[in-house]
């Protein structure tokens, strides 16, 4: 089936098998490897992408279901330089091995888009179900709080 959608801001179209997950579609047909295959059951969060701005587990969605929608991977939130959320993760050691980081960053983006002033509890709720195998949760929470601060400063300058 032909699937037409926006991927990281660009109109794209590719053929997909009727039972092909969005995870496999992105990795195999578009060579987007930031979308990780962790558990393949929707339990770990490593395959998280933004679907029309909302975080979803791409292993639980069929590629044909995104027809007409907008899909954003971590590659779609920055240009030549890291965006503020990614910078905050680097500056606050919000990643260790990096396997969970793209999903965490996208979940954080969705949270900050809706709530630019999150509390630690808000961040924990937004990241619920995202597993960090290195157990860097405190640094991840600090990274999201720092990203919020950086975003506020950036908006004050403009």
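Only one of these is assigned by TED's automatic domain parsing to the domain that holds residue 35 and either surrounded by fewer than 20 Cβ atoms within 10 Å (Cβ to Cβ) or part of a helix (DSSP H, G or I) (or both): 96, 65. Name it. Explain how you work it out, then say what you get.
Numbers: 96 fails: assigned by TED's automatic domain parsing to the domain that holds residue 35.
Of 96, 65, the one residue that is assigned by TED's automatic domain parsing to the domain that holds residue 35 and either surrounded by fewer than 20 Cβ atoms within 10 Å (Cβ to Cβ) or part of a helix (DSSP H, G or I) (or both) is 65.
Tallying residues that are assigned to a helix (DSSP H, G or I) and surrounded by fewer than 17 Cβ atoms within 10 Å (Cβ to Cβ) within the stretch 108-121 yields 4. Condition first: part of a loop (DSSP other than H, G, I, E, B) and surrounded by 12 or more Cβ atoms within 10 Å (Cβ to Cβ). Now tell me which residues in the stretch 10-36 satisfy that. Result: 16, 17, 20, 30, 32, 33, 34, 35, 36. You will find that of 39, 44, the residue that is surrounded by fewer than 15 Cβ atoms within 10 Å (Cβ to Cβ), part of a loop (DSSP other than H, G, I, E, B) and not assigned by TED's automatic domain parsing to the domain that holds residue 141 is 39 and no other. Counting only residues that are at positive phi and touching a helix residue (DSSP H, G or I) at 6+ places or on another chain (Cβ under 7 Å), the stretch 74-101 holds 1 of them. For the stretch 1-25, the set of residues classified as more than 21 Å from residue 131 (Cα to Cα) and in contact with a helix residue (DSSP H, G or I) (Cβ under 7 Å, 6 or more places away or on another chain) consists of 1, 3, 5, 8, 9, 14, 16, 18, 20, 25, listed by residue number.
Among the residues of the stretch 52-74, none qualifies, meaning not one is over 17 Å from the mean Cα position of the chain (by Cα) and either free of Cβ contacts under 8 Å to residues at least 24 places away in the same chain or within 13 Å of residue 109 (Cβ to Cβ) (or both).
With respect to the stated conditions, residue 105 is out of contact with any strand residue (DSSP E or B) (no Cβ under 7 Å at 6 or more places or on another chain), within 21 Å of residue 41 (Cα to Cα) and in a helix (DSSP H, G or I).
The values are calculated or read from the model by the stated rules, or taken from the named source; none is laboratory data. Being a predicted model, the structure only gives us computed values, none of them experimental. Cβ coordinates were reconstructed from backbone atoms using ideal geometry, including for glycine residues, and neighbour counts include every protein chain displayed.
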